[in-house]
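J.: Quick one: the structure is below, and I'll ask about it shortly.
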Amino acid sequence: MSSIPFIDLKAQYAALREPINARIQRVLDHGQYIMGPEVGEMEQRLAAYTGTKHCVSVASGTEALLISLMALGVGPGDEVITSPFTFVATAEVIVLLGATPIYVDVEADTGNLDATLLEAAITPRTRAVMPVSLYGQCADMDAIGAIVARHGNIPVIEDAAQSFGAEYHGRKSGALSTIGCTSFFPSKPLGCYGDGGALFTADEALAQACREIRVHGQSQRYVHTRVGVGGRMDTLQCAIVLAKLERFEWEVHERLTIGARYNALLDEAGIARIQQKTGRTSVFAQYTVLVHDRERVQAALKDIGVPTVVHYPVPLNEQPAYKDRSPVRPTPVAAELARRVMSLPMSADLSGVEQRRVVQALIGAV
Ligand SMILES: *Cc1c(COP(=O)(O)O)cnc(C)c1O
């Protein structure tokens, strides 16, 4: 039997071939490859979609996080509270700026930062809190917001790289905190065909700072008012996101349907999985289950054409480059999840037949 794709980007392109090709052709015709008209058009569309005032497109999700911290003035001696159970970029940008990541453990059922443990991690040096909306489900942003409000309104940056399109109590991911950062890496819920990202904020001054930092800290041509980076998103990539938006609502709807079907099938089979909280819709950037003896299960599934991926096998506070850069704070839940999580094939084009095959294979393998 043929292998099921882990993410089906070919089917997605096939469905969008016409608008994508037309959008690319238009860029080739006008030739404004850097900061062309599609950049502003995409920023407007995404700001409207998320319900935020400002959207600033940037070169990647990582760059969005870095630029956000730079705009907030985070630097040496500062502490940034984040989750240890995430992609490395989240902590990487903190360390790059000479600040210290402070890891707060995660919830066992969602993998998101445990807001009940946040307050104890705040110190006079805390300059930002960076929760991650893991696997496409928002972290508990209101609970986090209420805690930082009691501590002089410490800025909150939502790492929404996996959650673009998700909702939290009726509001969109990216619009829930001081700054929201997302990624258009091809495999993310809203992907382009290369690297891309965006940040969202309601704060005019922060938006302006981010726009300047994106182009080498430039306020006018060759006037560098601050230190910045080369962090622009290409016009061509913005054009692809614009074309992808044509069926993004449908994709989100499909993802919710596929996620709900996985939930029902797995619950029936008694297989443990990441849970979704009421009031939050996950876009299932990953569909993740919990297994024991994971390597064996993965090998058995691979043999019968069912690919799986582990997000993430090692918490950041145990990674060689990071373990000595933060004060030791035990995060046993993150450690346990890192041992057990396994993501199943997931994309808007995954069929019900394929899904049942995945679940049957999993039942046979665990
Ligand atoms: C993908 C991802 C990033 C980085 O995004 P890039 O566009 O690949 O730089 C950051 N944080 C999380 C949680 C991610 O999943």
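The values are calculated or read from the model by the stated rules, or taken from the named source; none is laboratory data. Here the structure is a predicted model, which is why all the values come from computation and not from measurement. Every residue, glycine among them, receives a Cβ derived from its backbone with ideal geometry; neighbour counts consider all protein chains shown.
J.: Go through (1) part of a loop (DSSP other than H, G, I, E, B); (2) over 15 Å from the mean Cα position of the chain (by Cα); (3) not small (Gly, Ala, Ser) and name the single condition Leu242 misses.
T.: (1)
J.: Does the stretch 291-328 hold any residues that are in contact with a strand residue (DSSP E or B) (Cβ under 6 Å, 6 or more places away or on another chain) and either more than 19 Å from Ser187 (Cβ to Cβ) or not β-branched (Val, Ile, Thr) (or both), and which are they?
T.: Residues satisfying the conditions are Val291, Arg294, His311, Asn317, Ser326.
J.: Please go through the stretch 209-222 and pick out each residue that is modelled with pLDDT of 95 or more and either part of a strand (DSSP E or B) or over 20 Å from Asp159 (Cα atoms) (or both).
T.: Glu212, Val215, His216, Gly217, Gln218
This table checks each residue for (1) more than 26 Å from the chain's Cα centre (by Cα); (2) modelled with pLDDT under 95; (3) more than 16 Å from the ligand (Cβ to nearest atom).
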site: Gln275; (1), (2), (3): no, no, yes
site: Thr288; (1), (2), (3): no, no, no
site: Asp293; (1), (2), (3): yes, no, yes
site: Gln298; (1), (2), (3): no, no, yes
site: Pro307; (1), (2), (3): no, no, yes
site: Asn317; (1), (2), (3): no, no, no
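J.: While we're here: Go through (1) within 16 Å of the ligand (Cβ to nearest atom); (2) more than 16 Å from Glu43 (Cβ to Cβ); (3) not aromatic (Phe, Trp, Tyr) one by one and return the number of the condition Cys181 breaks.
T.: Only one criterion is unmet by Cys181, namely (2).
J.: Right, next: Within 28 Å of Ala285 (Cβ to Cβ), surrounded by 15 or more Cβ atoms within 10 Å (Cβ to Cβ) and among the charged types (D, E, K, R) - does that describe any residue in the stretch 10-17?
T.: Scanning the stretch 10-17, I find no residue that is within 28 Å of Ala285 (Cβ to Cβ), surrounded by 15 or more Cβ atoms within 10 Å (Cβ to Cβ) and among the charged types (D, E, K, R), so the answer is no.
Each row is one residue, and each column tells you yes or no for (1) within 20 Å of Gly279 (Cβ to Cβ); (2) within 16 Å of the ligand (Cβ to nearest atom); (3) out of contact with any strand residue (DSSP E or B) (no Cβ under 9 Å at 6 or more places or on another chain); (4) in a loop (DSSP other than H, G, I, E, B).
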| position | (1), (2), (3), (4) |
| --- | --- |
| Arg127 | no, no, no, no |
| Tyr135 | yes, yes, no, no |
| Ala139 | yes, yes, no, yes |
| Asp142 | yes, no, no, no |
| Gly145 | yes, no, no, no |
| Asn153 | no, no, yes, yes |
| Ile157 | no, yes, no, no |
| Leu176 | yes, yes, no, yes |
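J.: Just to confirm my filter: which strands (runs of 3 or more DSSP E) fall fully inside the stretch 22-114 and include at least 3 residues that are within 16 Å of the ligand (Cβ to nearest atom)?
T.: The qualifying strands (runs of 3 or more DSSP E) are 54-58, 79-82.
J.: Let me ask another. Mind listing just one residue for me: the one in the stretch 159-173 that is closer than 10 Å to Arg280 by Cβ and buried (at least 24 other Cβ atoms within 10 Å of the Cβ) and, of those, nearest to the ligand (Cβ to nearest atom)?
T.: Filtering the stretch 159-173 for residues that are closer than 10 Å to Arg280 by Cβ and buried (at least 24 other Cβ atoms within 10 Å of the Cβ), the one nearest to the ligand (Cβ to nearest atom) comes out as Ser163.
J.: Check the stretch 253-271 and report whether any residue there is assigned to a loop (DSSP other than H, G, I, E, B) and more than 21 Å from Pro189 (Cβ to Cβ).
T.: yes
J.: Could you identify the single residue in Gly174, Gly231 that is of a type in the set (Gly, Ala, Ser), more than 30 Å from Asp109 (Cα to Cα) and touching a residue at least 24 places away in the same chain (Cβ under 8 Å)?
T.: Gly231
J.: Checking the conditions here, which among Gly217, Gly228 is surrounded by fewer than 19 Cβ atoms within 10 Å (Cβ to Cβ), out of contact with any Cys (no Cβ under 9 Å at 6 or more places or on another chain), of a type outside the set (D, E, K, R) and under 28 Å from Ser68 (Cβ atoms)?
T.: The unique qualifying residue is Gly217.
J.: Pick out the one residue from Thr288, Thr278 that is surrounded by fewer than 19 Cβ atoms within 10 Å (Cβ to Cβ), of a type in the set (S, T, N, Q) and not in a helix (DSSP H, G or I).
T.: Thr278
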